[in-house]
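Beneath this line is the structure, given in structure tokens, with notes to follow.
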Amino acid sequence: MYPLAFTKEGEEVIVKKIDAGAGATQRLTSMGINVGSKLKVVRNQNGPVIVSVRGSNIAIGRGLAMKIMCEKC
Amino acid sequence: MEYEIALIGNPNVGKSTIFNALTGENVYIGNWAGVTVEKKVGEMEYKGKKFKIVDLPGVYSLTANSIDEIVARDYLINENPDLVVNIADATALERNLYLTLQLMEIGADLLLALNKMDLADNLGIEVDVKKLEDILGVKVVPLSASKKIGIEDLKEAILNTIEEKRKKRKNVNAKDKDKYPIKYPHLETYIKRLSSIIEKDEALKKYNPRYLAIKLIENDEYINEIIKNSKIWEDLEPVLKEIKKELSKKYGEPELAVVEERYKIIDRIVKDVVKKTSGKLTTTEMLDDVLTDEKIGTLLIIPFLWMLFKFTFDASKPFSEIIQYIFASLSTVIKTSISNKFLASLLADGVISGVGAVLTFFPILAFLFFAISFLEDSGYMARIPFIMDRVMNKFGLPGKAVIPMVMGFGCNVPAIMATRTIENREDRILTILINPLLSCSARLPIYALFAGALFSKYQGVVILSMYALGVILALLTALMFRRLIFKTSPAYLIVELPQYHIPHLNVVLKNTWERVYDFLKKAGTVIVFGVVLVWFLSVYGPSGYLGDEVFNNPNLIAHSYVAIIGKMLTPLFAPMGWDWRACSALVFGIIAKEVVVGSLAMLYGAGENLSNVIAHAFSPVSAYAFMAFCLIYLPCIATLAVIKNEIGWKWALFAVAYEMILAYVVALLISVIGHFLFG
């Protein structure tokens with residue numbers, strides 16, 4: 001298990017755990033990112049991470065991307 | 001009899017296009033009670049029936065995570081509209097259905113409008129509408145609002161759905177609480193146990209018991225509070241505790257149980273209903289390859305912001321000048337045609353110039369909002385915070401603060417209005433508070449006058465240093481307020497990057513008009529009042545009415561209240577070496593900063609040779625301090641009015657106090673250091 005921020009562009013991962021506060025977790029959830037979602041990493045340079053999830057692209061601040069734990073799928 | 005219909009959907013699903021297509025010209029824009037979230041209500045007529053259409057804020061969910069979500073939820077629960085039209089994006093049905101399920105939980109009478117069908121088609125996404133309808137138990141209308149396809153079908157479906165429900169209700173005459181076939185298999189037993197207890201309380205009748213039960217499992221603070229204050233809490237508490245314990249074992253946390261079950265259902269629906277065929281590279285993917293690249297994207301943002309800035313301020317300039325010209329001639333006409341001098345001056349120098357001051361903002365705002373709406377509708381706007389997030393975070397600001405900050409160099413009024421895209425309230429307040437420190441274009445004439453009079457060799461550098469000072473102070477203030485007042489980090493960026501598309505002119509124009517109108521209505525009165533007040537202080541003195549000649553006679557205005565205020569301020573500014581005329585000019589600057597120049601000319605009785613007079617009245621150090629003071633002190637009346645509108649009087653007064661103190665300290669420092677260095 002490793003943070004979303006450490007993934008590579010093009011990698012496909014499954015979310016295993018979200019360690020953020022209730023507010024951020026709820027926002028992620030409502031935009032389609034919950035434990036068990038499949039993410040495709042579209043962009044991961046030094047800034048926020050862009051993932052493609054459930055048909056849309058979501059940008060996630062780097063700090064938050066450190067708190068989303070993933071596994072390769 | 002008028003039916004009430006609410007439109008709800010995720011952001012970027014084309015909700016406003018549909019709202020515009022359904023409603024005509026009569027759109028009422030206001031705020032939801034108690035908050036600054038915009039409320040739009042329109043009217044529709046179809047087959048002789050009248051419909052009131054309420055546009056709810058764009059939300060992804062109905063938790064109480066943001067003001068938008070609270071507004072939407074409270075409306076649905078308390079107003080109980082005849083029909084809720086849920087607008088979903090056919091290209092991202094998976095995510096959109098999350099809101100749909102929650103609308104079903106709440107028990108709203110629902111109709112699903114599946115927008116962007118044309119785009120889904122292009123992307124190789126096929127949605128089986130009939131099947132979706134059967135699974136959800138809700139009428140589904142496919143449409144492509146931007147191409148005007150399916151709008152008539154939607155209108156018909158709205159009418160039919162409402163009338164069918166009316167008939168059914170007459171027959172059954174009971175609340176059909178289980179009206180939707182969607183169930184959460186792993187949670188149903190718990191939901192039943194809870195709702196059977198909840199049903200016993202008459203006071204909770206306006207809620208759907210199923211909704212309350214689900215929200216209790218989800219640990220929703222708002223619903224928890226309601227239930228804790230109800231009669232049934234004693235009976236319910238042990239049951240709820242037990243349920244939560246069981247769910248914790250299975251899901252880790254009971255909140256996660258509901259989320260997981262919702263998405264399980266959605267996954268199954270999508271599997272049945274959506275077919276994806278091709279996977280070719282889309283325009284959005286190609287554009288994003290470049291526009292969101294760390295290096296190229298950052299470089300490209302500069303020309304984009306520059307264009308936004310240039311378009312807003314240069315393209316609007318001729319229109320502002322025309323308006324200024326019209327109002328100037330109007331003043332002259334009034335002064336010559338009204339014989340009562342007092343009345344003529346009140347109208348011409350007070351009211352007309354006040355209204356003129358408001359209306360000169362009109363073209364600037366119109367062009368700014370046009371440009372912003374254009375960028376928003378194209379999809380590029382969402383990429384800007386993505387690119388700037390890391391840099392802005394270093395100063396305690398959210399990525400979205402970039403746009404208002406850039407706009408601030410033109411005019412702080414539209415800039416502050418542009419902060420509305422920042423969801424987090426603290427982030428937004430902070431972004432607004434630092435904005436007046438960014439040197440707007442109205443301050444340039446002051447710099448130009450003083451730099452020309454006293455620093456003729458280094459004009460450019462001196463003027464540029466003012467802009468730099470503004471930016472540095474703004475960023476330092478942001479850092480300081482973040483540490484001392486808000487004590488939180490900026491909210492994490494979580495933003496959807498929508499598909500790019502060519503903006504629709506009518507959507508852009510309508511958005512522009514609504515925003516400008518909003519400004520004129522709200523800030524207008526405050527500005528006119530401020531201008532009239534300053535007029536009053538100029539033509540009156542302790543000896544009474546001085547006559548409108550004050551504006552041409554420096555000896556006469558020396559007896560006005562403005563002069564007295566200036567003289568009272570002089571001791572305070574003695575360390576900077578400014579005389580009472582300079583201090584009085586600062587009072588006039590409250591109207592708009594560029595007024596300082598005209599006021600100085602009036603107070604010194606100097607016309608064309610103001611530059612010479614200034615060169616004698618100020619030393620280079622006192623002039624530099626004066627320029628810095630003008631940069632920082634007091635937001636102008638228009639800015640103040642907008643701050644008050646956006647975040648309330650308390651923060652507006654705070655901004656005034658902070659900026660006055662900061663201006664004084666900075667001017668004093670410049671004087672002290674200047675005297676030390678240059679004697």
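Distance cut-off 25 Å, Cα to Cα: go down the list B:K116/B:K271; B:K39/B:K200; B:K49/B:K139; A:K72/B:K244; B:K276/B:K400 and report the pairs above it. All intermediate terms of the calculation are to be shown ahead of the outcome.
Values: B:K116/B:K271 19 Å; B:K39/B:K200 36 Å; B:K49/B:K139 20 Å; A:K72/B:K244 31 Å; B:K276/B:K400 34 Å.
Correct reply: B:K39/B:K200; A:K72/B:K244; B:K276/B:K400.
Within chain B, what is the longest stretch that has no trypsin sites (Lys or Arg not before Pro) placed in a DSSP loop and near at most 14 other beta-carbon atoms within 10 Å?
Details: sites that count: B:K47, B:K148, B:K175, B:K177, B:K183, B:K200, B:K205, B:K206, B:K231, B:K280, B:K394, B:K487.
By the stated rule (loop sites, at most 14 other Cβ atoms within 10 Å), B:488-679.
Quick one: putting +1 on the C-beta of Lys and Arg, -1 on the C-beta of Asp and Glu, what dipole do you get for chain A around its Cα centre, in Debye to the nearest 20? Mind dumping the intermediate values first?
Working: 11 positive and 5 negative charges, 14 e Å.
Dipole magnitude for chain A comes out near 60 debye.
Step through the residues of the range A:47-53 one at a time and calculate ³J(HN,Hα) from phi using the Karplus curve (6.51 cos²θ - 1.76 cosθ + 1.60, θ = phi - 60°), rounding each to whole Hz and writing x for Gly and Pro.
These are the phi-based 3J(HN,Hα) values: x, x, 9, 9, 10, 9, 9 Hz.
Hey, got the dipole for the range B:113-214? About the Cα centre, +1 on K and R Cβ, -1 on D and E Cβ, debye to the nearest 20? Could the numbers behind the result be given before it?
Numbers: 23 positive and 17 negative charges, 129 e Å.
Magnitude of the dipole: close to 620 debye.
Defining a contact as two alpha carbons under 8 Å apart and six or more residues distant in sequence, what relative contact order in percent does the range B:263-422 show? List each step's numbers first, then the result.
Working: 124 pairs, mean separation 33.0, N = 160.
Once divided by the residue count of the range B:263-422, the mean separation gives 21 percent.
On the Cα set of chain B, report Rg and Dmax in Å, please.
29.9, 94
Per residue of B:502-513, how many C-beta atoms from partner chains lie within 10 Å of its own C-beta, taken as a mean? Could the numbers behind the result be given before it?
Details: counts 0, 0, 0, 0, 0, 0, 0, 0, 0, 0, 0, 0.
The mean count of partner-chain Cβ atoms within 10 Å per residue comes to 0.
Give the average over all directions of the projected area of the C-alpha convex hull of the protein assembly as shown, one decimal, in nm².
Numbers: hull surface 150.5 nm².
If I average the Cα hull's projected area over directions, I get 37.6 nm².
How much length would be gained if the chain were fully extended between B:N160 and B:Y540, taking 0.36 nm per residue of separation minus their Cα-Cα distance, in nm to one decimal?
Values: separation 380, 0.36 × 380 = 136.80 nm, distance 6.72 nm.
Computed gain between B:N160 and B:Y540 is 130.1 nm.
Between Rg and the Kirkwood Rh of chain A, both from Cα atoms, what is the Rg to Rh ratio?
Values: Rg = 10.5 Å, Rh = 11.6 Å.
Using only Cα positions, Rg/Rh for chain A is 0.90.
Could you work out [θ]222 nm for chain B from helices alone, using -39500 (n - 2.57) per DSSP H run of at least four and dividing by all its residues? Round to the nearest 500 deg cm²/dmol. Display every interim value, and only then the final one.
Working: 30 runs with 418 residues, N = 679.
It lands at -20000 deg cm²/dmol.
Return, ordered by residue number, the residues of the range B:416-437 whose backbone nitrogen is under 17 Å from a label point located 7 Å along Cα→Cβ of B:S489.
B:424, B:426-427
Tell me the label-point distance for the pair B:I673, B:S196, using the 7 Å Cα-to-Cβ offset, in nm and rounded to one decimal.
7.6 nm
Compute the angle between helix B:188-198 and the longest alpha-carbon principal axis of chain B, please, reported from 0 to 90 degrees and rounded to the nearest 10.
Roughly 70 degrees, rounded to the nearest 10.
What does the buried accessible surface come to for B and A, summed over both chains, with the probe at 1.4 Å? Round to 100 Å². Don't skip to the end; give the middle numbers.
Details: alone 31350 and 4190 Å², together 32780 Å².
The buried area between B and A, both sides summed, comes to about 2800 Å².
What's the extension gain from B:K250 to B:L572 if we count 0.36 nm per residue and subtract their Cα-Cα distance?
Numbers: separation 322, 0.36 × 322 = 115.92 nm, distance 6.98 nm.
Using 0.36 nm per residue and subtracting the Cα-Cα distance, I get 108.9 nm.
So if we plug the beta-carbon distance of A:M1 and B:E133 into 1/(1 + (r/R0)^6) with R0 = 30 Å, what FRET efficiency do we get, rounded to 0.05?
Details: r = 41 Å, r/R0 = 1.35.
Taking R0 as 30 Å, the efficiency between A:M1 and B:E133 is 0.15.
Let me have the 222 nm mean residue ellipticity of chain A computed from DSSP H runs of 4+ only, each contributing -39500 (n - 2.57), with the sum over all residues rounded to the nearest 500.
On the way: 2 runs with 13 residues, N = 73.
Counting only the DSSP helices, I get -4500 deg cm²/dmol.
Could you work out the relative contact order of the range B:585-679? I mean the mean sequence separation of Cα pairs under 8 Å and 6+ apart, divided by the number of residues, in percent.
Details: 77 pairs, mean separation 28.8, N = 95.
Relative contact order, the range B:585-679: 30 percent.
In terms of modelled amide H atoms, which long-range or inter-chain residues lie less than 5 Å from the amide H of B:I149?
Amide H neighbours of B:I149, under 5 Å, 5+ apart: B:S144.
Below 8 Å, C-alpha to C-alpha, sequence gap of six or more: please give me the relative contact order for the range B:390-432 in percent. Numbers along the way, then the final one.
Numbers: 41 pairs, mean separation 14.7, N = 43.
Normalised by residue count, the contact order of the range B:390-432 is 34 percent.
Return the sequence-ordered ³J(HN,Hα) values of the range B:434-450 in whole Hz as given by the Karplus equation 6.51 cos²θ - 1.76 cosθ + 1.60 applied to θ = phi - 60°, using x for Gly and Pro.
Rounded to whole hertz, the list is 7, 4, x, 6, 7, 6, 6, 5, 5, 8, 4, x, 5, 4, 4, 4, 6.
Loop sites only, by DSSP: take the GluC sites (Glu not before Pro) in chain B that have at most 13 other C-beta atoms within 10 Å and name the longest stretch containing none of them.
Details: sites that count: B:E25, B:E608.
Result for the longest clean stretch: B:26-607.
Helix B:637-647 versus the longest principal axis of chain B: what is the Cα-based angle in degrees, 0 to 90, to the nearest 10?
So the helix axis and the longest Cα principal axis differ by about 20 degrees.
What pairs in B:K50/B:K168; B:K131/B:K183; B:K130/B:K510; B:K183/B:K249; A:K67/B:K650; B:K165/B:K206 have C-alpha atoms more than 24 Å from each other? Show your work: numbers first, answer last.
On the way: B:K50/B:K168 21 Å; B:K131/B:K183 17 Å; B:K130/B:K510 34 Å; B:K183/B:K249 22 Å; A:K67/B:K650 36 Å; B:K165/B:K206 18 Å.
From B:K50/B:K168; B:K131/B:K183; B:K130/B:K510; B:K183/B:K249; A:K67/B:K650; B:K165/B:K206, over 24 Å: B:K130/B:K510; A:K67/B:K650.
Given 0.36 nm per residue, what is the gain on full extension from B:K264 to B:W513 after removing their alpha carbon distance, in nm?
85.3 nm
With every protein chain kept in place and ligands, DNA and RNA left out, what is the accessible area per residue of the range A:2-72? Probe 1.4 Å, answer in Å². Provide the component values of the computation, followed by the final result.
Values: 2580 Å² over 71 residues.
About 36 Å² of surface per residue is accessible.
For B:E126 and B:E4, FRET efficiency with R0 = 30 Å and r from the beta-carbon atoms, rounded to 0.05?
It comes out at approximately 0.30.
The values are calculated or read from the model by the stated rules, or taken from the named source; none is laboratory data. Note that the structure is predicted; figures quoted are calculated from it, not measured. Here Cβ is always computed from backbone atoms with ideal geometry, including for glycine, and neighbour counts include all displayed protein chains. Accessible surface is based on the protein model in full, side chains and every heavy atom, while ligands, DNA and RNA are left aside. Shrake-Rupley method; radii C 1.70, N 1.55, O 1.52, S 1.80 Å.
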